[in-house]
1. Can you work out the Karplus-derived ³J(HN,Hα) for every residue in the stretch A:186-200? Use 6.51 cos²θ - 1.76 cosθ + 1.60 with θ = phi - 60°, whole Hz, and x for glycine or proline.
2. Which whole-number percent gives the relative contact order of the stretch A:245-284, counting Cα pairs below 8 Å spaced six or more residues apart?
3. For chain B, what is the calculated [θ] at 222 nm in deg cm²/dmol (nearest 500), taking -39500 (n - 2.57) for each run of four or more DSSP H residues and dividing by its residue count?
4. Mind pulling the per residue volume of the convex hull built on the Cα atoms of the protein assembly as shown? Å³ is fine.
5. Going by a ≥ b ≥ c, the root eigenvalues of the Cα gyration tensor, does chain B fall in the rounded group (a/c under 1.5), the prolate group (a/b larger than b/c) or the oblate group?
6. Antiparallel as a % of all DSSP beta bridges within the protein assembly as shown, to the nearest 5?
7. Taking all protein chains as present, what is the carbon and sulfur share of the accessible area of the stretch A:1-74, in % to the nearest whole number, probe 1.4 Å?
8. Given the DSSP H assignment, sum -39500 (n - 2.57) over each helix run of at least 4 residues in chain A and divide by its residue total; what's the result at 222 nm in deg cm²/dmol, nearest 500?
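The values are calculated or read from the model by the stated rules, or taken from the named source; none is laboratory data. Note that the structure is predicted; figures quoted are calculated from it, not measured. Cβ placement follows ideal geometry from the backbone for every residue including glycine, while neighbour counts extend to all protein chains displayed. Only protein heavy atoms, including side chains, enter the accessible area calculation; ligands, DNA and RNA are left aside. Shrake-Rupley method; radii C 1.70, N 1.55, O 1.52, S 1.80 Å.
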Amino acid sequence: MIELVGISRRYGEVVALSDVSFTLGRGELLTVLGPNGSGKTTLLKILGALETPTDGEVLIDSVRVEGRNMDVLRRRATVVFQRTVLLRGSVRRNVEFGLRQLDLSGDEVDRRIDEVLELVGLEEIADRRARSLSGGEQQRLSLARALALDRELLLLDEPTANLDPESLAIVKEVISGLNRDRGTTVVMATHNLIQAEELSGRLILLIGGRIVEEGSPDTFFHTPSAEMRRFARSENIYAGDSLIVDGVAHIDIGGGVNVRATFSHEGRATIHIAPEDIIVSLGVLESSARNSLKGRIIGVEEMNSVVKLKVDVGRTFIAQITRRSLVEMGLNVGQEVYITFKASSVQAI
Amino acid sequence: MVSALWEGLLRALSLIVMRDPTLMEITLRSVAISGLATLFAALWSIPLGILIGLERFKGRIILRGFFNTLMGMPTVTLGLVLYLLFSRSGPLGFLRVLYSPGAIIVGQSLLITPIIVSFVANTLEAADPEIRSLALTLGASEMGARFTVLSESLDGVLLAVTASFNRAIAELGVALMLGGNIRGVTRVLTTSIALETSRGELELGIALTIVLLTIVGVVNLSTNLFRRRTHP
């Protein structure tokens, strides 16, 4: 359906994508995996004809997409951005916006709005002001807005990041259902390994704007390459023995570190804690979170607006914080800090 | 002094309540002149603001700075420049517009042009850059996407227009120098306030001031209500 040939995209000095080529078949569910700043968003914007590549070409059904012709691709695809952008007015009006660009009857517009709002579980609050919704509801709304258009190609940028469990379940169900039932081609960008393994049919690992690996989830997760292992390490993946005590899993991941989790699996377990779920503080944090570990910062890696801190608590954990927090808290290598995360943030792979 | 003020206030209120014909005439003329000036200024200033706020071209920053600077232009300076242009011996003297309502309309619309341009440009620049991308990916055309950014920033545009009308109706320099405060022709609220006060007719001056403040207040209030109604 779509073919990318040697796509590069530069913003001034910054190279966002470099020599990216792949084909996307009709009805495929492709996951683009990669750390923040690896070019995932740029790739989606090129696929959605919102950006033009600096080099290379995009072909849709063997026709080159360029200039005036961008509309052709734009009308067959739609992007759901990572950072939700809502239009003013009601939930309903947000969905209506895209539908009004199509040649549809008023009844058909209403029918589609009701249908997609029900799909994402927002039908009861259709008349609420969109900007008053919770984060998870806003993300569901932006998905609904895209679904209403019923495009052939759905491009999702980190659709599951920062979602509450209810929204996460809905979004995952909608994405896989859409691909399965309507045959919609889906490209999903994520840095979350769990979702990548659960949802995708094919995976691409993007690092520094280049495709470093491509294959099925099976090869990615069971015979991982060196790059994949390195990427996984930056994502807090540990193996250990799980023991259920009072309904809470205690996982000994070595180095004297015992992690608590809410799953009910006993024995050998591989766990993952998303770096953005870890809170960094200078003192002990009084909170309901079951995991609080004292350690020392051993590395600071800045990428765009976020910073990844390497904290040694016996095992090395990666915590993602904003650049602003880094500055305001005066964090630096060698400093003693506490890392805190909820038992429910620990996911079994 | 306080009692004079009090007395003035009471008589002023009675003038307003009795709908004093002179007061009514001056008020309506003020609203009409400044309203037309705002309307005309909006016609060219909003597109100009959109251009500076949304498009990227050479000289944009300079143009932006130019309008920002002009926002602080003293009304008498503009009045003087236009007076020289419109006076009998001036380059535009043949138009014979000096000391007519038209001259005030031209003057006030030029006075508020930089306000509208700068406010609109600012609002659009501050708007979420992703709104344009969002509109495009939801199927809007390039023009439609621009329009979406504008309509999402309607508050700022409305504020620009309201602030400009307030500035126009409350300014004195242009109205005095280009209109000449001719009774029944170019006498507006601010010029009469200045005249009546200098003549010692405090109560009429106070009455006119109350009317002026009320107009400004009502305009602000109704824009706020409109904003709430259309975008809850």
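1. Using θ = phi - 60°, the values come out as 10, 10, 10, 9, 7, 10, 8, 5, 4, 5, 4, 6, 5, 9, 8 Hz.
2. About 30 percent, as a whole number.
3. My calculation for chain B gives -25000 deg cm²/dmol from helical runs alone.
4. Per-residue hull volume (Cα only) is 238 Å³.
5. oblate
6. That works out to approximately 80 percent antiparallel.
7. Carbon-and-sulfur percentage of accessible area, whole number: 45.
8. It lands at -7500 deg cm²/dmol.
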